[in-house]
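Okay, structure first, notes after.
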Amino acid sequence: MPTTKLIHFYQDKAVVVTGAASGIGLALAHLFAELGCKLALCDIDKKALNEVVKGIESTHPNTELYHSVLDVADEDAWVVFLAETAAALGGINLLINNAGIEGSGQPVWASTTASLKRVMDVNFYGMAYSTKHVLPYLSNEPWAALINVSSIFGLMAPPNTADYCASKFAIRGYTESLKAELALVHPHIQVHLVHPGGINTNITRLEHSQRFKERFLKTEPSALANKIANAVMHNRARIVYGYQSQRARLAARILPLAWLSSLLGKLVKGLGLEDDYHKDHSGFTTRK
Ligand SMILES: NC(=O)c1ccc[n+]([C@@H]2O[C@H](COP(=O)([O-])OP(=O)(O)OC[C@H]3O[C@@H](n4cnc5c(N)ncnc54)[C@H](O)[C@@H]3O)[C@@H](O)[C@H]2O)c1
């Protein structure tokens, strides 16, 4: 149950959640509905999004709720979605760039350029388009916050995650720089970076990611959603939470890179595809 303090803080704030149809986004949508917020929810998955909207309408029938199918990688669609959201909810106080996809789960030499581009388009550019176009709305509000979801893979980089890590380190760099900019001109806009550890969601859709899911995705998304809401209320900029996240944070901070790489290699050994690790694989030009 959310505390009275949390409800008092968030009540009537207009909150946008991307990727609201599953996992962390779904948990955030339910939590902010419970806290009495006005909601704008979007996702690329129309059917799942409609189910979430139906669920919130039945559990919290008084919630002002706008929703739309949106591919976060489409910049023009963002401009329209934000204008419609602001018109429907009377402004935007808080936007959570949560939507994201897994990487190829393969080593660099085996993964395709098309997969790398899609991961960057959704995870990085989706966040960047939204951030750029929402700032004018946030700057109009007496209280506003932007939350960008990176990962513990935005703090450290294990094998088979180069595409995903590239997108999550990029979110971190972009957000930290933006935070420094806004501190100069619009300090009332809070900027937060979330680095979840292993959260029990549907992000691992590929067959060969299932062993990773079983081993690491252990924290419930509702626990992370609560942590985020509390941390934002206390204006804590960096939110590191979830299975193995504190270990990852510490290791990234204190270990020399060579030790960290070797440790991460051992930790995820056996989770990759066998074929990608033959010493005599057909070289570094295997797939387009
Ligand atoms: N689950 C974890 O362990 C974990 C760890 C670290 C970071 N994260 C990050 O948390 C965020 C949420 O992931 P999750 O674990 O809840 O995954 P999830 O797959 O359960 O939910 C992601 C949602 O994003 C939506 N989505 C995907 N592509 C989209 C697009 N182009 N436009 C709009 N919506 C899109 C999906 O349809 C889905 O509903 C992601 O950014 C992910 O990288 C997750």
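The values are calculated or read from the model by the stated rules, or taken from the named source; none is laboratory data. On a predicted model such as this, the values are computed, not experimentally measured, just so you know. All Cβ positions, even for glycine, are placed from backbone atoms using ideal geometry, and neighbour counts span all protein chains on display. Protein only, heavy atoms only, side chains kept; ligands, DNA and RNA dropped before computing areas. Shrake-Rupley method; radii C 1.70, N 1.55, O 1.52, S 1.80 Å.
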Requested in this report: Work out, step by step, the length gained on full extension between Gln210 and Val79: first 0.36 nm times the residue separation, then minus their alpha carbon distance; give nm to one decimal.
Outcome: 43.5 nm
Query raised in the report: Any idea what the relative contact order of the range 74-201 is, in percent, if you count C-alpha pairs under 8 Å spaced at least 6 apart?
Result: 30
Report summary line: Nearest 10, in degrees from 0 to 90: the angle of helix 162-185 to the longest Cα principal axis of the chain is 40
Query raised in the report: Counting DSSP beta bridges with both partners in the range 9-277, what percentage is antiparallel, nearest 5?
Result: 5
Query raised in the report: Mean separation of Cα pairs under 8 Å and 6+ residues apart, divided by the residue count of the chain: what relative contact order is that in percent?
Result: 18
Query - Rounded tilt (10° steps) of 257-267 against the dominant C-alpha axis of the chain - result: 90
Report summary line: Here FRET efficiency (C-beta to C-beta, Thr113 to Glu141, R₀ 30 Å, nearest 0.05) is 0.15
Requested in this report: Give me the angle, in degrees from 0 to 90, between the Cα long axis of helix 126-139 and the longest principal axis of the Cα atoms of the chain, rounded to the nearest 10.
Outcome: 20
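Placing unit charges on C-beta atoms (Lys and Arg positive, Asp and Glu negative, everything else neutral), compute the dipole magnitude of the chain about its Cα centre in debye, rounded to 20. Intermediate results must be reported in sequence, preceding the final value.
On the way: 28 positive and 25 negative charges, 222 e Å.
Result for the chain is approximately 1060 debye, rounded to the nearest 20.
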Report task. Describe numerically, in nm with one decimal, the distance between label points set 7 Å from Cα along Cα→Cβ at Leu273 and at Glu220. Result -> 3.6
Requested in this report: Please give the residues of the range 144-160, grouped as numeric ranges, whose backbone N is less than 20 Å from a label point set 7 Å along the Cα-to-Cβ vector of Trp259.
Outcome: 155-159
Query raised in the report: Taking the Cα centre of each part, how many Å lie between the range 1-43 and the range 153-192?
Result: 22
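Tell me, what is the FRET efficiency for Asn235 and Asn50 to the nearest 0.05, using R0 = 30 angstrom and their Cβ-Cβ distance as r?
Details: r = 34 Å, r/R0 = 1.15.
With R0 = 30 Å, the Cβ-Cβ based efficiency is 0.30.
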Query - Burial order of peptide ranges 92-100, 192-200 (average beta-carbon count within 10 Å, highest first) - result: 92-100, 192-200
Requested in this report: Loop only per DSSP, at most 11 neighbouring Cβ atoms within 10 Å: give me the chymotrypsin sites (Phe, Trp or Tyr not before Pro) in the range 202-285, ordered by residue number.
Outcome: Phe284
**Report entry** Mean ellipticity per residue at 222 nm, deg cm²/dmol - from DSSP H runs of n ≥ 4 across the chain, formula -39500 (n - 2.57)
**Finding:** -14500 deg cm²/dmol
Requested in this report: For Asp71 and Gln246, compute 0.36 nm times the residue count separating them, minus their Cα-Cα distance, and round to one decimal in nm.
Outcome: 59.8 nm
Report summary line: Rounded to the nearest 10 Å², the 1.4 Å probe accessible area of Ser58 is 90
Query - Set of lysines with alpha-carbon distance to Lys213 below 29 Å, sequence-local pairs under 8 removed - result: Lys46, Lys47, Lys54, Lys117, Lys168, Lys227, Lys266, Lys269, Lys279, Lys288
